[in-house]
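Contents: one structure, followed by commentary.
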Amino acid sequence: MKANGKAIKYGDNIDTDVIIPARYLNTSSPEELAKHCMEDIDKDFADKVQTGDIMVGGANFGCGSSREHAPIAIKASGISCVIAKDFARIFYRNSINIGLPILECAEASEDIDAGNEVEVNFDTGVITNKTKNKQYKAVAFPPFMQGIINAGGLVEYIKGNN
């Protein structure tokens, strides 16, 4: 399984209230959440994101509350993968549960610039920055996590009796 896209980059400590502001939590519609994803720090995000793009963050990405709205908004916006130095643990688990691939890789997080073309191989954990002709190594997803992501999330995975 692979992802290919343009990098959209953010810094450290991107919390769930920045990813999806609390004023939009009265809906659980992925499409509606996607319209407001990142708007408080990047008002143009919803207009510039393309299906397949890759979000790159710094340390402690997804800190804050435990709500699933944040990874749902990111996934529904068209982002194919999030790469960060590290993730808040509850955000990490929520992301996998809803089928949003996320990878921890400090080197990639620091070296990838906004607009770089990036490819991620989930089977090997290799992240390729096509713009800079560089590779970085993240830990590959174990097969059961790949199954959850491929199924579209934990609920769909369980329905499939995997």
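The values are calculated or read from the model by the stated rules, or taken from the named source; none is laboratory data. Fair warning: this is a prediction, and the values are worked out from it, not measured in the lab. Because the Cβ atoms are built from the backbone with ideal geometry, glycine has one as well, and the counts that use them run over all protein chains shown. The area values use the complete protein model at the heavy-atom level, side chains included, leaving out ligands, DNA and RNA. Shrake-Rupley method; radii C 1.70, N 1.55, O 1.52, S 1.80 Å.
So here's what we get for this one:
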quantity	calculated
Spin-label pair Gln146/Lys6, simplified geometry with 7 Å Cα→Cβ offset, distance in nm	3.0
Shape box of the range 42-81 [Cα atoms, principal axes, largest first, Å]	26, 20, 20
For the range 1-145, alpha-carbon Rg over 2.2 N^0.38 Å	0.95
Convex hull projection area averaged over all views, the range 51-102, Cα basis, nm²	2.9
Alpha-carbon gyration tensor eigenvalues x 5, square-rooted, for the range 78-162, Å	25, 13, 11
Simple label model, 7 Å out from Cα along Cβ direction - Asp44 to Glu32, nm	2.8
The chain: antiparallel DSSP beta bridges as a percent of all, rounded to 5	55
The range 127-149 and the range 10-35: distance between their alpha carbon centers, rounded to Å	25
Average Cα contact separation per residue, the range 1-71, under 8 Å, 6 or more apart, as relative contact order %	52
Rel. contact order, % - alpha carbon contacts under 8 angstrom, at least six apart, the chain	24
Size-normalised alpha-carbon gyration radius of the range 1-53, reference 2.2 N^0.38 Å	1.20
Gain on full stretching of the segment that runs from Ile158 to Asp17 - 0.36 nm per residue minus C-alpha separation	47.8 nm
In order through the range 4-16: 3J(HN,Hα) via Karplus (6.51 cos²θ - 1.76 cosθ + 1.60), integer Hz, x for Gly, Pro	9, x, 8, 7, 10, 10, 10, x, 7, 6, 6, 8, 5
Share of carbon and sulfur in the accessible heavy-atom surface of the range 53-162 [1.4 Å probe, %]	53
